[in-house]
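Encoded as structure tokens, the structure appears first; notes follow it.
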Amino acid sequence: MVTQYKLHRQTLVLLISLVHLCMPVCVDVQSDTEAIVGKAMKLTCISCLKREEVTVKTFVKWLYTPSPTKGKNISYLIYEYNTNNSNMDDNPFKDRLNWNGSKDLQEVSIEIRNVTHNDSGLYTCEIRRLFDFELYTPVFEVNKTINLTVKEKASDDTTAIYSEIMMYVLLVFLTFWLLVEMVYCYRKISKSDEQAQDTATNYLAIPSEQKDNPAAPVTE
């Protein structure tokens, strides 16, 4: 009974460990800064929580500042998460924004649909968190900016091109190495079979009398 209890306890510990290993991990990733006219563009904003077990209230605002070349230096509130306010009359992105954040609000990204040249400029992601501890309620604030450039077509990414070339080179090398290993193993097995066959042939060539009466050891 005690052994069965220990087995169940070890199984439970193993299952809990597997659950922890399968939990998603938050990684702070920088947003892309180039958008294509007519396409959708995701503005990535991630702020990882150090202690996910703490109760926290998160407030998110997205601000947009047009490029200085347009002669304007005014910031517009284009999205507010806690009120889902993205359709104000003076919002230049009215009916073109989608919430693209995570359920735990570690990622608070948004997506712009049907990008135009007028969408280039500076985007600011403002995150405000209220942590609920027993004795006090600390406030955490972070701002992240994205300088977006809108182009007619996507520019060539040299890093992606080099990575693709290296991937094909590595694939060819691994294929060649595998063929060499297969030939080597085949020749080694064939040689072993030949040796075994020669041994069997030599044994069959020995007269039956010598097999039944092996030569006695020579003694002085």
key: Separation of the PHE133 and GLU111 label points, Cα + 7 Å toward Cβ, nm   = 3.8
ask   = HN-Hα J couplings of region 110-125 from phi, Karplus 6.51/-1.76/1.60, θ = phi - 60°, integer Hz, Gly and Pro as x?
value = 10, 10, 9, 8, 6, 4, 10, 5, 6, 7, 5, x, 9, 10, 10, 9
task = Rounded to whole Hz and in sequence order, give me ³J(HN,Hα) for region 39-51 from the Karplus expression 6.51 cos²θ - 1.76 cosθ + 1.60, θ = phi - 60°, writing x for Gly and Pro.
result = 9, 8, 10, 9, 9, 7, 9, 10, 9, 6, 8, 6, 10
Surface accessible to a 1.4 Å probe, ILE165 within the full protein complex, Å² = 90
ask   = Relative to the present Cα-Cα distance, how much length would full extension add between SER102 and PHE59 at 0.36 nm per residue of separation?
value = 14.1 nm
query = Counting only residues 5 or more places away or on other chains, whose amide H sits under 5 Å from the amide H of ASN100 once H atoms are built in the peptide plane?
reply = SER109, ILE110, GLU111
request  = Please list the non-local residues whose amide H lies under 5 Å from the amide H of SER67, H modeled 1.01 Å from N, same-chain partners needing a gap of 5 or more.
outcome  = LEU122
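As an exercise, use a Förster radius of 41 Å and the Cβ-Cβ distance of LEU77 and SER163 to find the FRET efficiency, rounded to the nearest 0.05.
On the way: r = 39 Å, r/R0 = 0.95.
That gives a FRET efficiency of 0.60.
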query = So how much slack lies between LEU174 and LYS39, counting 0.36 nm per residue of separation and subtracting their Cα-Cα distance, in nm?
reply = 44.8 nm
message = Under the rule a/c < 1.5 gives rounded, and otherwise a/b versus b/c splits prolate from oblate, where does region 24-155 land using the Cα gyration tensor?
response = prolate
request  = Whole number in Å², please: accessible area per residue of region 24-155, 1.4 Å probe, ligands, DNA and RNA not counted.
outcome  = 61
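The values are calculated or read from the model by the stated rules, or taken from the named source; none is laboratory data. The model shown is predicted, which means the values in this text are computed figures rather than measured ones. Please note: Cβ atoms are built from the backbone with ideal geometry, for glycine as well, and neighbour counts cover all protein chains shown. Each accessible area value is taken on the protein alone, full model and side chains, heavy atoms only, with ligands, DNA and RNA left out. Shrake-Rupley method; radii C 1.70, N 1.55, O 1.52, S 1.80 Å.
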